Amino acid sequence: MTKILAALIASLFAAGAFAADAKPAEAASAPAKVEKKAEKKAEKKAEKKAEKAAPAAAPAASK
C-alpha cells in the first residue's frame, strides 16, 4: 500500500511539473510573432515614406 501511495504522489508531482512547464513555452512564441509583424509593418511604412520623399526631391533637382 505504501508503494502505491508513493507512486501516486510521484506521478501527480510529475504531471504538475509538466503542466506548469508547458504553458510558458506557448506564451513565449506569441510575442515573437507580434514583434516580427510589427517590424514588417515598420519596414513597409519606411518604404512608403521613402517613395513619397523621392518624387518630391526629383522636381527640385531639375529646376
Could you run the Karplus curve 6.51 cos²θ - 1.76 cosθ + 1.60 with θ = phi - 60° over the range 5-20 and give me ³J(HN,Hα) per residue in whole Hz, x for Gly and Pro? 4, 5, 5, 5, 5, 5, 5, 5, 4, 5, 5, x, 5, 5, 5, 5
By average C-beta atoms within 10 angstrom, highest first, the peptides 32-39, 1-8: 32-39, 1-8
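Read-outs throughout are calculated quantities, based only on the coordinates presented, and are distinct from any laboratory measurement. The model shown is predicted, which means the values in this text are computed figures rather than measured ones. Because the Cβ atoms are built from the backbone with ideal geometry, glycine has one as well, and the counts that use them run over all protein chains shown.
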